[in-house]
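First comes the structure, then the notes that go with it.
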Amino acid sequence: MIEDDDLDRVLSTREAPAPSDGFAASVMSAVAREAEGPLPLSFPWRRIALGLVAFALGIGVQVIAGPPADATAPAFRWLDIGTLLAGVDRVGLQRAWWIALALLVTCVIARLASWFAGRQLLRGPIAGRW
Amino acid sequence: MSAAEDLADVEKVLAGDGSAFEGIVRRWQGPLVHLAWRFCGDRARAEDMAQEAFLRTYRSLSTWRRDAAFSTWLFAVATNVYCTEIRRIPPRPVSLDAVAEPTDVRSVDGADDEERDRLVAQAVQTLPARYREAIVLYYFHGMNVAAAAGSLRLPEGTVKARLSRGRAMLKRKLQHLSPRRHGGAG
């Protein structure tokens, strides 16, 4: 059976090939391409934030106002301020809290996913001059 | 290898002089290709893997915290790239059984040292990834457990345990090999 010393000798004295002559130049070409390439697309937080706020407001208004009392009434009536104030009840607030919590959790998950992806992939090339 | 030269080049790159990265590449191309070759056993692939390691290093240069030596950080980045790559595409489809139980024992017993070395290297490639990585880095770093642990970003105790288990598996796979015939020099 092969001994520990034999293993040590074989594995520690393996002769590795030297890099080929053009290796450093090839790496620097790749690095230059990396530096000159387009910046990685970042997540469009600003644009999506507007949409999220509008969406949250719309959901909030509907929850607080509740459905129209009279199904035959014109749709715009349940959005007027009087109806809104009258519709603020305990159940409505409870719904609003759940929706707000869901939105918050969604934002946190999206942010974490973006953060992990950023750690694993590109952190953005270092701008350099060549 | 000069730590001061590494630091100076890193500062230049971070200041916007990307061409200063060439100094880092020229100083470390040998060790990085060597380490990649120990993982894959193929020169062309080793150079591809080393190039990817240098690219990853370049991208994340700003994340190097100066509390560790640049070389330690560089090997950790390269090790991460190599382990990922080797797990994605293993070096070659060697059958575990083919290495563990040779069909013709006499041919192995009579194998010369070169053949023995090849069989040992081949057996390393058949180890499960966690043991293979520990063994490759341990011997690459001159049998230094601390350095291997630094490259793998693992506690030394974990690396020692994996080394012990990996060596035991290797010996089991290579049980048909007779001890090396030492020459006069020992």
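Laboratory data are not the source of any read-out in this text; all were calculated from the coordinates shown. Since the model is a prediction, treat every value here as computed from it, not as a measurement. Note that each Cβ is placed from the backbone with ideal geometry, even for glycine, and that neighbours are counted across all protein chains shown.
A compact table of results
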item: Shape call, segment B:1-92: gyration tensor on alpha carbons, a/c limit 1.5; result: prolate
item: Estimated vicinal HN-Hα couplings, Hz - segment A:57-64 in sequence order (Karplus 6.51, -1.76, 1.60; Gly, Pro = x); result: 4, x, 5, x, 4, 5, 5, 5
item: Pairwise FRET efficiency - A:Trp97 versus B:Thr84, Cβ, R0 = 35 Å, nearest 0.05; result: 0.20
item: Rounded to whole Hz, the Karplus (6.51, -1.76, 1.60) HN-Hα couplings of segment B:44-52, x for glycine and proline; result: 5, 5, 4, 5, 4, 5, 5, 4, 5
item: Cβ-derived FRET efficiency at R0 51 Å, A:Arg111 paired with B:Ala3, nearest 0.05; result: 0.85
item: Pairwise FRET efficiency - A:Glu3 versus B:Ser62, Cβ, R0 = 35 Å, nearest 0.05; result: 0.15
item: Simple spin-label estimate for A:Arg47 and A:Ala30 in nanometres, 7 Å along Cα-Cβ; result: 3.2
